[in-house]
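Nothing in this text is a laboratory measurement; each read-out follows from the coordinates by a stated rule. Everything quoted here is computed from the prediction, not taken from an experiment. Counting neighbours? That spans all protein chains shown, and the Cβs are built from the backbone with ideal geometry, glycine included.
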Amino acid sequence: MAKKDFNAKTPASEHRTINAQPRLHQHASEIQQYGTVSHMLPLDLEEPVRLEMTEQLNLLLADTMTLRDLYKKSHWQVAGPTFYQLHLLFDKHHEEQSEIVDTIAERIQLLGGISIAMAADVAETTRIERPPKGREEVPVQISRLLDAHQIIISHCRELAERSTKLGDAGTNDLVVSDVLRTNELQVWFLSEHLVDAPLVIADQTRLRNAS
Ligand SMILES: [Fe+2]
């Protein structure tokens, strides 16, 4: 057996430059355009159904992302004697809305679509009114949040019916179990704060009127 010559030089063609640098600033065209769905998926759901459902879910997603951000704004900017409890409540609702955002976005992707993602695109798409940058009173903050919930809830009811009609049981389940029910519960927790109930001294005017 011939001995290996360890001093022999490697031919120039076999030289490789070791370059551990990351390749930065790369660009290429998109691999799938927004507003399309992939053609072949083993989901037993026709392409037109997936197209309509992903379009509707993107509207729901844009509104939910806006509501999520509105909760964080309210969490930071709340003022007044109920600061602490509202500061905590707004953050809890923000967390719950964040989870819903992920659930909706991933359903859009699994249906073969593209989820809306960036703030500028969300702002163009949402039906929720843009709040001012500055601080607002608690009743105004809560009213804004309730208006946003109402937009989402009414869309959920339409979408629940439509998805059932089209045979998309998964979307129906997500819309009802995750989105609608969470929003209904949050509406209850918010709206109780707008009931004008006495804080310290009971209102005896009705007692007097009854006697
Ligand atoms: Fe915080």
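A few comments on the model shown:
- Remark: pairs (first residue in region 67-86, among the hydroxyl-bearing types (Ser, Thr, Tyr); second residue within 14 Å of the ligand (Cβ to nearest atom) and assigned to a helix (DSSP H, G or I); Cβ separation under 8 Å; 6+ apart in sequence or on different chains) = Tyr71/Phe90; Tyr71/Asp91; Tyr71/His93; Tyr71/His94; Ser74/Leu86; Ser74/Phe90.
- Residues of region 162-211 classified as of a type in the set (Gly, Ala, Ser), free of Cβ contacts under 8 Å to residues at least 40 places away in the same chain and closer than 17 Å to Leu51 by Cβ, total: 0
- Among the residues of region 60-97, the ones that are surrounded by 18 or more Cβ atoms within 10 Å (Cβ to Cβ) and either assigned to a helix (DSSP H, G or I) or away from the ligand (no atom under 14 Å from the Cβ) (or both) come to 21 in all.
- Within region 143-161, no residue satisfies the criterion of being buried (at least 20 other Cβ atoms within 10 Å of the Cβ) and free of Cβ contacts under 8 Å to residues at least 60 places away in the same chain.
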